[in-house]
1. How many nm separate the modelled label positions at Asp73 and Met188, each set 7 Å beyond the Cα in the direction of the Cβ?
2. Contour minus end-to-end for Gln17 and Ala132, with contour as 0.36 nm per residue of separation and end-to-end as the Cα-Cα distance?
3. Can you work out the FRET efficiency for the pair Asp172 and Ala7, with r the C-beta to C-beta distance and R0 = 35 Å, to the nearest 0.05?
4. Show me the three semi-axes of the equivalent ellipsoid for the stretch 81-191, from the C-alpha gyration tensor (sqrt of 5 times each eigenvalue), largest first, rounded to whole Å.
5. For the stretch 81-191, what's the relative contact order in percent, using C-alpha pairs closer than 8 Å and at least 6 residues apart?
6. What ranking, highest mean first, results for peptides 6-16, 121-131 when packing means the other Cβ atoms within 10 Å averaged over each residue?
7. Of Lys102/Lys163; Lys39/Lys91; Lys102/Lys194; Lys74/Lys186; Lys16/Lys186, which pairs sit farther than 22 Å apart, going by alpha carbon to alpha carbon?
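Nothing in this text is a laboratory measurement; each read-out follows from the coordinates by a stated rule. None of the values given here were measured: they were computed from a predicted structure. All Cβ positions, even for glycine, are placed from backbone atoms using ideal geometry, and neighbour counts span all protein chains on display.
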Amino acid sequence: MFLDNPAVDMFDEAQKQIHQLMRRDSYVRFVKSDLYKNKLMEEMEGKPGQTGDQGDGLKEQVGRVASWAVHVDKLLQDPVGVEVFSEFLRKEFSEENILFWKACEQYRQLTSDSERNAEAGVIYGRFLSPTADDPVNVDGVARSHTRTFLDNPTVDMFDVAQKQIYQLMRRDSYVRFVKADLYKNKLMEEMEGKPLQGQMPDKLPVEKREEKRVSIYLKLSARDEFLIEIFQGEFDLSEYTACPQRAASASPITGSHRVLTLRHYRSLGIF
């Protein structure tokens, strides 16, 4: 129709269809391809592209989410990346791996002997002991190595076990993560200029922190026999005791104290 009298927009409809085809198919495969990952890696290392452009490095040209596909370390160094990766592992029923890794990272930052003594037992009991609630898949050597330091905890006592879990995530979970729809969707959101979703600010006003706590408490399941009493809405580690009643029969979340199951207390990274 337009061949005899060409118009500026005569190819618009056909171009739109091809654009949609590339966006839904070719582009999706491209951002997951080795070619793209290699280009990201070159950018991180400051290597010039084939065009000869030096660029300003990854910080200027590669997005935050895109950098997660470069290497697992880039993902684990980003708090938001760890949060998204945790969501992915939760769906795969292997969240204990990232929880253990995070616990080890936090433990390594402790400077007080008393804190280290208390936390070492908690981490071992939760992830490495024969009766662990969230057992991780490490070998006997790692368990034995860690157990020898329980009476006199050291900064690096969990390093052997943490390294095994790190390698497991790097070779298995991480490979699936960068190919998953969850990551692809986050990448698309970033490219569309949308803010990353689901990240709570590191520091909230007191009233917001209290609001968040109440929201968490109300959503807790009632399946553990161990309860934590939280007085005046604040976390008091010295006041937790084993209670015979289950959370379902505990007093309502009102007044001067609230109750929180030990399992969830730990899962929130507080204990």
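1. If labels sit at Asp73 and Met188, their model points lie 3.2 nm apart.
2. Once the chain is fully extended between Gln17 and Ala132, it gains 35.9 nm.
3. It comes to 0.05.
4. 29, 15, 11
5. That works out to 26 percent.
6. The most tightly packed comes first, giving 121-131, 6-16.
7. From the list (Lys102/Lys163; Lys39/Lys91; Lys102/Lys194; Lys74/Lys186; Lys16/Lys186), the Cα-Cα distance tops 22 Å for Lys39/Lys91; Lys102/Lys194; Lys16/Lys186.
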